[in-house]
1. If we keep just the residues of the stretch B:273-296 that are away from chain A (no Cβ under 13 Å) and part of a helix (DSSP H, G or I), which is surrounded by the fewest Cβ atoms within 10 Å (Cβ to Cβ)?
2. Collect the residues in the stretch A:403-424 that are more than 9 Å from every other protein chain (Cβ to nearest Cβ), crowded, with 16+ Cβ neighbours inside 10 Å and in contact with a strand residue (DSSP E or B) (Cβ under 7 Å, 6 or more places away or on another chain), keeping them in residue-number order.
3. Let me spell it out: the conditions are (1) more than 14 Å from chain B (Cβ to nearest Cβ); (2) within 26 Å of A:Leu50 (Cα to Cα); (3) not in a loop (DSSP other than H, G, I, E, B), and A:Thr360 meets all of them except one. Which number is the exception?
4. Tell me, please, whether a residue that is within 20 Å of A:Leu365 (Cβ to Cβ) and either touching a residue at least 60 places away in the same chain (Cβ under 8 Å) or over 23 Å from the mean Cα position of the chain (by Cα) (or both) can be found in the stretch A:99-106.
5. From the list B:Leu299, B:Leu259, which one is in contact (Cβ under 8 Å) with a residue 24 or more places away in the chain and at the interface with another protein chain (Cβ under 10 Å from one of its Cβ atoms)?
6. Any residue that is within 14 Å of another protein chain (Cβ to nearest Cβ) and over 23 Å from the mean Cα position of the chain (by Cα) - is there at least one of those in the stretch A:231-249?
7. State whether one or more residues within the stretch B:68-89 are in a helix (DSSP H, G or I) and acidic (Asp, Glu).
8. Would you check if B:Leu270 is within 12 Å of chain A (Cβ to nearest Cβ) and outside any helix (DSSP H, G or I)?
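The values are calculated or read from the model by the stated rules, or taken from the named source; none is laboratory data. Everything numeric in this text was worked out from a predicted model, so none of it was measured. Cβ placement follows ideal geometry from the backbone for every residue including glycine, while neighbour counts extend to all protein chains displayed.
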2 protein chains.
Amino acid sequence: MNILGIITEYNPFHYGHLYHLKKAREITNSDGVICVMNGNFMQRGRPALLDKWARTHMAIKNGVDLIIELPLVYGIRSAEYFARGAVELLSNTNIVKNIVFGSESGNLKPLKEIASILLNEDEYFIERIKSYLTIGLSYPHAREKALIDFMKLKGSNNYQSNIKEITEIIMEPNNILGIEYIKAISQLNSSLTPLTIKRQGQNYHAKAINNKISSATAIRECFLNQGLSAITDYLPAESYQILEKWVKNQKIAIKNEYLGAIILATLRKLRPDDLIEFAEINTGLENRIYEAAHQAGDLEELIENIKTRSFTRTRIERNLLHILFDIRQKDFEFLDKKGPQYLRILGLNKQGEKILSKLTGKSSLPVIIKPARFLRSINTKSNDPLIKSLSYDLMASDIYSLLYPNKRERKGHRDFTTPLIKVK
Amino acid sequence: MNILGIITEYNPFHYGHLYHLKKAREITNSDGVICVMNGNFMQRGRPALLDKWARTHMAIKNGVDLIIELPLVYGIRSAEYFARGAVELLSNTNIVKNIVFGSESGNLKPLKEIASILLNEDEYFIERIKSYLTIGLSYPHAREKALIDFMKLKGSNNYQSNIKEITEIIMEPNNILGIEYIKAISQLNSSLTPLTIKRQGQNYHAKAINNKISSATAIRECFLNQGLSAITDYLPAESYQILEKWVKNQKIAIKNEYLGAIILATLRKLRPDDLIEFAEINTGLENRIYEAAHQAGDLEELIENIKTRSFTRTRIERNLLHILFDIRQKDFEFLDKKGPQYLRILGLNKQGEKILSKLTGKSSLPVIIKPARFLRSINTKSNDPLIKSLSYDLMASDIYSLLYPNKRERKGHRDFTTPLIKVK
């Protein structure tokens, strides 16, 4: 079987995703597609518009064969860890051949060149990043500038891409992710082949909706501000029908005021001394978070009060989720050392069933369809990395459902009670 | 100085409180009144309608001379600990002579007799309580029945009160508190003299508002359902004006949906194994709470799903606050051993200033007007009982303000920033 791997969030599944899926199948001539999909919280540190089961349903209805959940401990971290976790999962299936990712560049060569510079960890390059961080640049900005300095020093002869091209590439979010996928494949000595497709339609951050292929950001904004009918043209029918059903059941996680109250209450029990135990916070950020937590009245104000030029909004939002779920630096370190421990299947179609039976035989990791076999309740203090990581996934679902407007849907333990999504 | 002590919640200060205050002054011929008042959370396990500073203001405007805050670790516990903490505070002032409490009984003699039976801890009596608890009665019910059995056994000759009288007395909430005050005075070998006044107007639980002296419960219900104008006749002008101002500023802690989301999120991170570390929960209640936390969609549903005949609603609400503030059995034990550590002054009038200067000289405990001198941030893990207890008070304020409809008022650290309430 020639299986294709895609790493995704599908928040929600739109025409851009559909284009990517079809094109990726075409260029790899694959006869099966596995997606690694983020769970209920997104890489940018926010709750998903729709829960992981709704998004799985959308994806399968639109032609994905099998969905594996990216564990939370990779899903809500910087591009590097997100990519590393997802690539390692796909690599451990031992049946995926190619990874096809969307990028603004659409050209693999410069991405590979940048990945190789980043992997090389040249002393001068590292020093440049540090010095840019010291003057207050955010990590992506510091890295961009260090990269340019490095290429200037080494001379462009060593590279087929030029500095201008590199500069344009390194700041685009999907290029950054792509570079991280390439890095991870190399670091893991994985046999996966990375391929890229140029993203169609709007760029990632675009908020205006004006194109059949609109960004997920634009679609979400439009939906939240103008309602379901405003986005009819921007979602495939299968996605739209599922979103419509979830809206009807008031199962859209838009109770951001609840999330804010929950996060603020959590923060107001912690001291700066406690905060430094979380990843990326031991840099003076602990005091900013502490002060903001006692000043802010809601989530938006909290983030606004914390963020600076070097501590970006996205990073802060992710950090707040780490605090919410009580995932400390030592927890990440423990789990990173072990790598992903399971392949949690969220849904599949007929072809996905064939893939699953193959997967069960070939995979280096246990395949989980019923988490209740492994967990009776969350236990994030476990020394077993499988139990510990799976516990965070469960905790995320348990807190996510509290954000539904419909109080009858706010139940916990959905990972125990929701069956595998099957589409014939 | 002949100083009178009153133990209270003033949630909010109404005509019944005013009657009590005047009558208590009269019968004791006091020239000063100190109130020990609960902070932002009530003994029955709920957030106060108005914060402790609004309630202090009401009380001082209505004639109380000085308000001392009852630390949270006594304020949100059963009658026994509530009374013990409050009496110990008043006793440690070394300037309070009498305590006057309201009771349904209005007669000290039977209350003293019951207190002496409870204090005596007769083996037969203890055994009867246990056996009634075993068959599923709540503690107050079990105690009532054990008391009757005991008096029957001993014969009524030993008591001036008869069984019928005792039965009627022991189930009324203010009688129960009164008995606990008398017990505490005896246990502490305190020189305080307890006195009681018969409660006027409605009983404690009355919800209908139909009397100038209406219960605080009735007044709150009426206010929450029908608005401010519906309770004009039931509050002294000084109380009404303050309530009016707080309503205008949207500083009424009625965001029970936030409290529910915060408590549910807290619970969904805990396992039954964690829950048994909290007071009163190691009796099978851990599993009920665990299950309910994963079923309920809001606070009301949570409480309804947990409560039984033996685990009363009030007890559950208190237990949930212990979990919210992460006060475990071992924390209570540590602090109980040490007793109250400080006299935190919330407000005073001119006479109160005189009392304060006397208090500063005589008190066995430090007098706290500015908590920031003792705390820079909460530290509930401290081994210093003063720091630890004060930290819980601060945490309670920090979480309480998140329940305001007005998001600009949801600031933390109000215990550091709110000045002493002074009324000329």
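1. Result: B:Arg288.
2. Those that are more than 9 Å from every other protein chain (Cβ to nearest Cβ), crowded, with 16+ Cβ neighbours inside 10 Å and in contact with a strand residue (DSSP E or B) (Cβ under 7 Å, 6 or more places away or on another chain): A:Ile421, A:Val423.
3. Here A:Thr360 clears every test but (2).
4. Yes: one or more hits.
5. Working: B:Leu299 fails: at the interface with another protein chain (Cβ under 10 Å from one of its Cβ atoms).
Sole residue among the options that is in contact (Cβ under 8 Å) with a residue 24 or more places away in the chain and at the interface with another protein chain (Cβ under 10 Å from one of its Cβ atoms): B:Leu259.
6. Start the filter on the stretch A:231-249 by keeping residues that are within 14 Å of another protein chain (Cβ to nearest Cβ), which leaves A:249.
So of that shortlist, the ones also over 23 Å from the mean Cα position of the chain (by Cα) come out as A:249.
For the stretch A:231-249, residues within 14 Å of another protein chain (Cβ to nearest Cβ) and over 23 Å from the mean Cα position of the chain (by Cα): present.
7. Initial filter on the stretch B:68-89 (in a helix (DSSP H, G or I)): B:72-75, B:79-89.
Now narrow it down to the ones that are acidic (Asp, Glu): B:80, B:88.
Checking the stretch B:68-89: at least one residue is in a helix (DSSP H, G or I) and acidic (Asp, Glu).
8. Values: within 12 Å of chain A (Cβ to nearest Cβ): yes; outside any helix (DSSP H, G or I): yes.
Considered against the rule, which asks whether it is within 12 Å of chain A (Cβ to nearest Cβ) and outside any helix (DSSP H, G or I), B:Leu270 comes out as yes.
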